[in-house]
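J.: Starting off with a structure, shown below.
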Amino acid sequence: MASFNISRTEEDLFRELTAIMRELKDPRIDPLLSIVRIELSRDLSNCKVFVSSLSGQDKAIESAKGLVSAQGYIKREVFRRIKMRKVPTFHFIADDSIAHSAKINEMLHNVQPSVEEVSEEEEQDA
């Protein structure tokens, strides 16, 4: 039952942190920043927030530093929006999974023959 409670709390944190990030005015935080995933500890005291930017890994690292500096505001807003006994300490980690998955997708498209090439080969065989 505890894992259900943690996963539900992770979803709530995901939703609220996304909304709070859009409200932040720090110029270091990239507007194309997105939360990839959240890992909440079992005792709900620590929360790893993996963020990624479409602008690149360097911008994600800079944005994570901006989020760390705004951590007090973020904790206060989460406490105000989600009724929790104790708000976890957030650890913002820059993640390059979006760029990595885009690179893999591009590699797969380069390996796979296009639909036009396959249809031309079928016409020649017939």
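Just so you know, all these numbers are worked out from the coordinates, no wet-lab data involved. Note that the structure is a prediction, hence the values are computed from the model and not measured. Positions of Cβ are backbone-derived with ideal geometry, glycine not excepted, and every protein chain shown enters the neighbour counts.
J.: Need one number: nm distance between label points at ARG28 and ALA99, each 7 Å from Cα along Cα→Cβ, rounded to one decimal.
T.: About 1.8 nm separates the two model spin labels.
J.: Same structure, new question: In degrees between 0 and 90, to the nearest 10, how far off the longest principal axis of the chain does helix 115-125 point, with axes built from Cα atoms?
T.: That helix lies at roughly 20 degrees to the long axis.
J.: Determine the shape class of the range 2-96: with a ≥ b ≥ c the square roots of the Cα gyration tensor eigenvalues, call it rounded for a/c under 1.5, and otherwise prolate if a/b is greater than b/c, oblate otherwise.
T.: prolate
J.: Related question: Full-extension gain between LYS48 and PHE4, please, as 0.36 nm times their residue separation minus the C-alpha to C-alpha distance.
T.: 14.0 nm
J.: Which lysines does LYS59 reach when only Cα atoms under 22 Å apart count, and residues fewer than 8 places away in its own chain are ignored?
T.: Result set, ordered by chain and number: LYS25, LYS48, LYS103.
J.: Let me ask something additional. So, by mean Cβ neighbours within 10 angstrom, what's the order for 56-63, 79-86 with the highest one leading?
T.: 56-63, 79-86
J.: Something else about it: Taking other Cβ within 10 Å of each residue's Cβ, how do VAL36, VAL51, VAL111 sort, fewest first?
T.: Ordered from fewest to most neighbouring Cβ atoms within 10 Å, VAL36, VAL51, VAL111 come out as VAL111, VAL36, VAL51.
J.: OK, next. For the chain, what does -39500 (n - 2.57) per DSSP helix run (n ≥ 4), summed and divided by total residues, give at 222 nm, in deg cm²/dmol to the nearest 500?
T.: -18500 deg cm²/dmol
J.: So, one more: What is the fewest-to-most order of MET21, MET107 by other Cβ atoms lying within 10 Å of their Cβ?
T.: MET107, MET21
J.: Here is a follow-up. Calculate the dipole size of the chain relative to its Cα centre from +1 charges on Lys and Arg beta carbons and -1 charges on Asp and Glu beta carbons; express the result in debye to the nearest 20.
T.: Charge dipole of the chain: 1960 debye, to the nearest 20.
J.: Further, regarding this structure: How far, in nm, would the chain grow between ARG37 and ILE82 when pulled straight, counting 0.36 nm per residue and subtracting the alpha carbon separation?
T.: Stretched fully, the ARG37-ILE82 segment lengthens by 14.4 nm.
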